[in-house]
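> Sharing a structure with you now.
The values are calculated or read from the model by the stated rules, or taken from the named source; none is laboratory data. On a predicted model such as this, the values are computed, not experimentally measured, just so you know. Note that we place each Cβ from the backbone using ideal geometry, even for glycine, and neighbour counts take in every protein chain shown.
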Amino acid sequence: MLKIVKVLRDNEGKIISYELNSGEIVSQSEAAQMVKEGKIKGAILGVDEYGHPAIHSVLGSNRFDDVENLPEV
């Protein structure tokens, strides 16, 4: 099962891509679709303040466990 291990941000700090444990880098929209299909472990799909899909971690109860806090590519 795939897992998100790192993030890639634009110059405004917004996540635009994710690195998976397979080494593959996928866009935000590709990752959202993969989460929706159950292909990425430990993640759920939510909605950001602009109505766009947002990926969140379900691995821990601590807010610091969220994908927002993963290391950058």
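> Just to verify a result, which residue in segment 11-20, among those that are outside any strand (DSSP E or B) and modelled with pLDDT under 95, is farthest from residue 70 (Cα to Cα)?
Ranking the candidates gives 12 first.
> I'd like to know if segment 6-15 contains one or more residues that are in contact with a Leu (Cβ under 9 Å, 6 or more places away or on another chain) and of a type in the set (Lys, Arg).
So far as segment 6-15 goes, yes, one or more of its residues are in contact with a Leu (Cβ under 9 Å, 6 or more places away or on another chain) and of a type in the set (Lys, Arg).
Yes or no, residue by residue, for (1) of a type in the set (Lys, Arg); (2) touching a Gly at 6+ places or on another chain (Cβ under 9 Å); (3) surrounded by 15 or more Cβ atoms within 10 Å (Cβ to Cβ):
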residue: 7; (1), (2), (3): no, no, yes
residue: 11; (1), (2), (3): no, no, no
residue: 14; (1), (2), (3): yes, no, no
residue: 31; (1), (2), (3): no, no, yes
residue: 34; (1), (2), (3): no, no, yes
residue: 37; (1), (2), (3): no, no, no
residue: 46; (1), (2), (3): no, no, no
residue: 69; (1), (2), (3): no, no, no
residue: 73; (1), (2), (3): no, no, no
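> Does segment 17-26 hold any residues that are surrounded by 13 or more Cβ atoms within 10 Å (Cβ to Cβ) and without any contact (Cβ under 8 Å) to a residue 40 or more places away in the chain, and which are they?
20, 21, 26 - these are the residues of segment 17-26 that are surrounded by 13 or more Cβ atoms within 10 Å (Cβ to Cβ) and without any contact (Cβ under 8 Å) to a residue 40 or more places away in the chain.
> Another question, then. When residues of segment 28-71 are filtered for being assigned to a loop (DSSP other than H, G, I, E, B) and either modelled with pLDDT of 90 or more or of a type outside the set (A, V, I, L, M, F, W, C) (or both), how many remain?
So the answer is 15.
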